[in-house]
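For reference, the structure is listed below as structure tokens.
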Amino acid sequence: MAIQSIDNLINSVSGGKTVRYDWNKITGAAAYTAGRWYSMLGLGGSPVASTFPGTSLAWQTCDESTGDGTNIFGIPNGGNVSTDKKHLLNMSAWGTAATAVPSTLFLVDVQGYWPGISMNSNTAQTLTGTPSLRYTNGAGCRLFLTITATAGASAHNLSYSYSNTTPTSGRTNPVTVACTASAIVPHITHSGLAANNYGPFLPLASGDSGVSTVASVTLSAASGAGTAALVLCRPIAQITLGVTGLTVEKDLLNQIPSLPEIKDGACLAWILGTGAATAANTTFSGQVEFVWG
Amino acid sequence: MPRSPRWDCDYTMIKSLKDVNDAYDDGRYHVSNFYKANILGGDQLWTDWSYSAGQPSYDARVGITGTFTPITSSGNSAIYIPPTGGLERKLAQINLVANPNLSSQASCTFALYDLLGYYPLIDGDSTEVQTLNNTNPLPRYSNGEGVCALIINHVAPILNSCSGTVNVTGSNDVSADLTFDLKLGGLTNEINRSHLASNNAATAPWGPISFGFPSGAKGIKRINSIQFTTAPSGLFCIYMFKVITFTANHGDGASITRPATEKDMFIHSGFSAPTILDGANLGFFSRTITSNRPLNPLWGNLVFIWG
């Protein structure tokens, strides 16, 4: 089954094959810096925060029903619907404070992560485990490195060795990627305004369209402290906030690509791009609505 | 004579809605972030964001005096473009918020450009003919079709309004003298109201981004020389560039509104998603409508797909 027409869509909605979730996230005690990206996986609110549990450097699968195995941090989206196909129908978001805008919220399907990556190491850190992904060979999946304990003050670059969708191993970053010294939780540490910062997702080697697994990460220098989690996710859709307190709505039917698919088991979460310095304890809120048929 | 730059909108590999959806489904896309703080803006003046801090970083466009300096992007020296393994890269979306001065808002217009190169440090204290060095060719769009040129005050402030003449060679290899005006605007990164003198008054505060083209030409291949009628002072730079596309944010003149622009090239631009060549050096020109409206910040991202 699939929604292939407006008639199909109407039938699904009228048949109850839809679910809506109102979400809310509040940034932590630290202010965020303009021009960077931050993971909201670990922020309080609704759904609950992930604490990135798991064995250091070992793959941790995430899904809708069990979250990270400890906290069900993903946005509920109606459970498994196979043999139907589920889609994101619409979404909205708003920020409560003037310092919440301008900003960009990116909805991603978190496939899982490798926790406990040391930011105080300059040797290769071998990542273990075989990701079980909702996208064949990681098609469209992207990586970001989010800080889970404040990094040290020494400058450091990031290199990574991953397998693409072929899957061919040994693929590496095509450009120098700089992390941020003294990056705070939950900064996506390679994003920002410094030279060689990239965000929100890590750049892939020429021609690559996804990541199926990651073999290792290496920092050019030990930063002095800190840990991070390397998150493997599938970007779904983004929404841009420009006005304080004004709800921005996005109709996913009338855009390209329309009605992004939400896979069974999807573990949906937001990452935040800050177009302005964002005060501590700033609230973001909104809703997402799904339909299947 | 074209009054506005033309931009490339051909598409060869991604030809249909299915191709677009397949690119997204297969993961052949990339999101490239940008942020610029305090882009100076004046009443209807075009300005280049390169002279402001952020990501991409500040770049004053300097080099060897009067020598064409070709530009090929590397990493995030401009808006990062993903390597595609030889497949054709398209601009799929522009998502941005521009925040003019945190006060009364007005609409802003943006031109996304591919900077091909420039002639830096042209002497604004001279009224002699300054011959420019064209040893280096255009790195992209080498026949000059669709290539535009402008002059910008890029080092020291312009002190005097004046006119000038550039001798250019068009894409049809025809050379011609084109006149332009420089008007004292007070902004270092201000693009001149460059135009044929017959097309506009020197006192007009606005004009097209580019010089005109020689008769019959579809663009400018090179600039051969420049001469000011009176010395404007300062140092000037002539850009050679291609406009990729235009967009705008539509402000409210009465309140602090910063509406987001989410422009999908396939929906909002007649399915004409511009091709982005390898090495493209992407940035934005911006034009605010009212005076003293620095954009602080200009924030957003470009989405590329390939196939």
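Yes/no per residue for (1) in a loop (DSSP other than H, G, I, E, B); (2) surrounded by 17 or more Cβ atoms within 10 Å (Cβ to Cβ); (3) within 14 Å of chain B (Cβ to nearest Cβ):
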residue: A:29; (1), (2), (3): yes, no, no
residue: A:41; (1), (2), (3): yes, yes, no
residue: A:52; (1), (2), (3): yes, yes, no
residue: A:73; (1), (2), (3): yes, yes, no
residue: A:79; (1), (2), (3): yes, no, no
residue: A:89; (1), (2), (3): no, yes, no
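Checking residue B:216 against (1) in contact with a Gly (Cβ under 9 Å, 6 or more places away or on another chain); (2) modelled with pLDDT under 70, which test does it fail?
So residue B:216 meets the others, but not (2).
Restricting to the range B:26-48, what's the tally of residues that are assigned to a loop (DSSP other than H, G, I, E, B) and either more than 14 Å from chain A (Cβ to nearest Cβ) or over 25 Å from residue A:195 (Cβ atoms) (or both)?
8
If residue A:201 passes every condition in (1) assigned to a loop (DSSP other than H, G, I, E, B); (2) more than 11 Å from chain B (Cβ to nearest Cβ); (3) among the aromatic types (Phe, Trp, Tyr) but one, which one does it miss?
Going through the list (1) assigned to a loop (DSSP other than H, G, I, E, B); (2) more than 11 Å from chain B (Cβ to nearest Cβ); (3) among the aromatic types (Phe, Trp, Tyr), residue A:201 breaks only (2).
Cβ-Cβ distance below 7 Å, separation of 6 or more or different chains: which pairs start in the range B:65-93 with a residue that is under 26 Å from residue B:271 (Cα atoms) and end on one that is in a loop (DSSP other than H, G, I, E, B) and hydroxyl-bearing (Ser, Thr, Tyr)?
B:80/A:198; B:81/B:73; B:83/A:206; B:84/A:206; B:85/A:206; B:88/B:12; B:90/B:11
Is at least one residue of the range A:260-275 over 23 Å from residue A:36 (Cβ atoms), hydroxyl-bearing (Ser, Thr, Tyr) and touching a Ser or Thr at 6+ places or on another chain (Cβ under 7 Å)?
no
For the range A:11-27, which positions are assigned to a helix (DSSP H, G or I) and surrounded by fewer than 13 Cβ atoms within 10 Å (Cβ to Cβ)?
Matches in the range A:11-27: A:14 only.
Can you tell me which condition residue A:193 does not meet? The list is (1) under 16 Å from the mean Cα position of the chain (by Cα); (2) more than 13 Å from residue A:158 (Cα to Cα); (3) at the interface with another protein chain (Cβ under 7 Å from one of its Cβ atoms), and all the others hold.
Tallying (1) under 16 Å from the mean Cα position of the chain (by Cα); (2) more than 13 Å from residue A:158 (Cα to Cα); (3) at the interface with another protein chain (Cβ under 7 Å from one of its Cβ atoms), residue A:193 fails exactly one: (1).
Quick one: is residue A:256 of a type outside the set (Lys, Arg), within 20 Å of residue A:68 (Cβ to Cβ), within 14 Å of another protein chain (Cβ to nearest Cβ) and out of contact with any Cys (no Cβ under 8 Å at 6 or more places or on another chain)?
Here the answer is no, as residue A:256 does not meet what is asked.
With the condition kept exactly as written, say whether any residue in the range B:280-289 is hydroxyl-bearing (Ser, Thr, Tyr), in a strand (DSSP E or B) and either modelled with pLDDT of 85 or more or touching a Gly at 6+ places or on another chain (Cβ under 8 Å) (or both).
yes
Please state which one of B:155, B:97 is more than 14 Å from every other protein chain (Cβ to nearest Cβ) and either of a type in the set (Asp, Glu) or in contact (Cβ under 8 Å) with a residue 12 or more places away in the chain (or both).
Selected residue: B:155, the only one of B:155, B:97 that is more than 14 Å from every other protein chain (Cβ to nearest Cβ) and either of a type in the set (Asp, Glu) or in contact (Cβ under 8 Å) with a residue 12 or more places away in the chain (or both).
Go through A:58, A:139 for me and flag whichever is closer than 19 Å to residue A:267 by Cβ, touching a helix residue (DSSP H, G or I) at 6+ places or on another chain (Cβ under 7 Å) and among the hydrophobic types (A, V, I, L, M, F, W, C).
Just a single option satisfies the conditions, and that option is A:139.
Considering only residues of the range B:146-164 that are farther than 19 Å from residue B:65 by Cβ and touching a Leu at 6+ places or on another chain (Cβ under 8 Å), which is surrounded by the most Cβ atoms within 10 Å (Cβ to Cβ)?
Here the answer is B:147.
What's the number of the condition residue B:117 fails, among (1) touching a Ser or Thr at 6+ places or on another chain (Cβ under 6 Å); (2) buried (at least 16 other Cβ atoms within 10 Å of the Cβ); (3) on the phi < 0 side of the Ramachandran plot; (4) modelled with pLDDT of 75 or more?
(3)
Let's see how each residue does on (1) modelled with pLDDT of 90 or more; (2) closer than 23 Å to residue B:150 by Cα; (3) among the acidic types (Asp, Glu):
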position: B:11; (1), (2), (3): no, no, no
position: B:29; (1), (2), (3): yes, no, no
position: B:32; (1), (2), (3): yes, no, no
position: B:46; (1), (2), (3): no, yes, no
position: B:49; (1), (2), (3): yes, yes, no
position: B:59; (1), (2), (3): yes, yes, yes
position: B:62; (1), (2), (3): yes, yes, no
position: B:69; (1), (2), (3): yes, yes, no
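Could you tell me which residue of the range B:65-90 is surrounded by the fewest Cβ atoms within 10 Å (Cβ to Cβ), considering only residues that are more than 8 Å from chain A (Cβ to nearest Cβ) and aliphatic (A, V, I, L, M)?
That would be B:79.
Return the total of residues in the range B:131-154 being more than 18 Å from the chain's Cα centre (by Cα), more than 23 Å from residue B:276 (Cβ to Cβ) and in a loop (DSSP other than H, G, I, E, B).
3
The values are calculated or read from the model by the stated rules, or taken from the named source; none is laboratory data. What you are looking at is a predicted structure, and each value in this text was computed from that prediction instead of being measured. Note that each Cβ is placed from the backbone with ideal geometry, even for glycine, and that neighbours are counted across all protein chains shown.
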